[in-house]
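Visitor: Here it is, the structure in full.
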Amino acid sequence: MAASEDVLWDADDKSLQMVTRLRRIGVTAGFLGFLGLVLWTDSDATWVLYAGAFYLLGEIAYWAWDRRRLVDACIVPGEADGPARLRLRRVGGQITEHDPHRVVRVVLIHDNVHDVARLRLSVHGRQLLFGRPARPPGLTTWRRACPKAKVSDRAARWGMPGIPD
């Protein structure tokens, strides 16, 4: 990272977490396979295979969604004295650069139980981008970096545990 870059978003966890995901899939598949063999002699155990297949499909869908989440966003100077660019890096390693004037909306959702926030970023002509949890950044940095964007924050929709809302 260059000294002139402004960090807008820096996620706490930037890894894909594939080892824990593969371990969880392996343990679940082994347990369901063993359960299927035990129940195979007494009854129709095809539901165990269906449950394992649904679980595996759910893990694949979550992995595909999670690898597209943003882990950091920063403003970098443009090449050859050009305008500054918004650089977004995703969990899967993909880096894209956008014009900060094309950012439509930035929403920071503060968790009122833990001291983290979640990012929702809308860039004109693109889908909604989600950021992994991170320390809450300042809104003025986002407002200064993306002048045409509607920058806002809100509290999460749930309350503190044990305290009525």
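Visitor: Using the per-residue mean of other Cβ atoms lying within 10 Å as a proxy for protection, in what order, highest first, do the peptides 27-37, 69-79 fall?
Guide: Details: 27-37: 13.2, 69-79: 17.2.
Ranking the peptides 27-37, 69-79 by packing returns 69-79, 27-37.
Visitor: Still on this model: Based on the alpha carbon coordinates of the range 49-165, what radius of gyration and maximum Cα-Cα distance (Dmax) apply, in Å?
Guide: Every Cα atom of the range 49-165 included, Rg and Dmax give 17.2, 59 Å.
Visitor: While we're looking at this one, here's another question. For the range 26-105, what D do you get in µm² per second when you plug the Kirkwood radius from alpha-carbon pairs into Stokes-Einstein at 20 °C and 1.002 mPa s?
Guide: Values: Rh = 16.4 Å.
Using the Kirkwood radius from Cα pairs, D works out to 131 µm²/s.
Visitor: Taking 0.36 nm per residue of separation and subtracting the Cα-Cα distance, what length does fully extending residue 12 through residue 24 add?
Guide: Values: separation 12, 0.36 × 12 = 4.32 nm, distance 2.21 nm.
Answer, rounded to one decimal: 2.1 nm.
Visitor: Sort all Cα-Cα distances of the range 88-150 into consecutive 10 angstrom bins from zero, then give the percent of pairs in each bin up to the one containing the longest distance.
Guide: Distribution as computed: 20, 52, 26, 2 percent.
Read-outs: derived from the displayed coordinates by stated rules, not from any lab. Quick caveat, the model's predicted, so the values are computed rather than measured. Quick reminder, even Gly has a Cβ in these numbers, built from the backbone with ideal geometry, and neighbours come from all protein chains shown.
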